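*Asks:* Take this structure, written in structure tokens, and hold onto it; I'll ask about it next.
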Amino acid sequence: MLNMQIELVKQLFRRTFTNRFPSKRIPKSVSGFLRSVERGERKMNPPVPVPPGFRGRINYDKKKCIGCRLCVKVCPADAVVFLEKEKKIRYHLFRCTFCGQCVDVCPTKALQTTNEFLLADYEKD
Ligand code: SF4
Ligand code: SF4
């Protein structure tokens with residue numbers, strides 16, 4: 001118990017390692033925080049680097065897609081829907097579990113993982 005209290009007191013005098021979430025992607029309407037960082041009035045820690053092979057938001061390049069449907073077949077979350085008329089797909093971020101199976105199976109590299117992990121938004125899609 002004493003060790004914990006000592007540790008708590010030490011933490012009070014250490015520098016902050018975290019940013020207020022999501023300061024990096026704060027909406028324009030409340031961008032005063034970022035402007036104050038630019039002016040040097042407030043400090044923001046650099047974003048945490050992601051490790052190699054990190055599976056963030058999936059990026060879909062429509063031009064590269066040949067409509068083979070392999071991604072639709074392997075997706076365990078029904079996050080990929082085939083558009084019959086266009087012979088293309090629609091990727092639903094809000095359903096995605098970031099397993100990366102669609103990326104592995106896509107023959108044209110139309111689907112790629114990105115490093116983006118701050119995905120909270122007001123819009124479902
Ligand atoms: S990463 Fe996984 S869950 Fe997300 S769209 Fe691809 S296959 Fe589906
Ligand atoms: S696997 Fe790739 S090429 Fe095939 S439908 Fe999906 S995105 Fe298009």
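Every number here is computed from the coordinates shown, using simple stated rules; none is lab data. Quick caveat: nothing in here was measured; it's all calculated off a predicted structure. For neighbour counting, all protein chains shown are included, and Cβ atoms are generated from backbone atoms with ideal geometry for every residue, glycine included.
*Asks:* Test of understanding: ordering Val50, Val72 by Cβ neighbours within 10 Å, fewest first, what list do you get?
*Replies:* Going from sparsest to densest Cβ surroundings: Val50, Val72.
*Asks:* Something else now. Can you list the residues, at least 5 places off or on another chain, whose amide H is less than 5 Å from the amide H of Ile89, using H built in the peptide plane?
*Replies:* Leu83
*Asks:* Return the sequence-ordered ³J(HN,Hα) values of the stretch 54-71 in whole Hz as given by the Karplus equation 6.51 cos²θ - 1.76 cosθ + 1.60 applied to θ = phi - 60°, using x for Gly and Pro.
*Replies:* Listing the rounded values in order: 4, 10, x, 3, 7, 9, 10, 9, 4, 5, 7, 6, 9, x, 6, 6, 4, 5 Hz.
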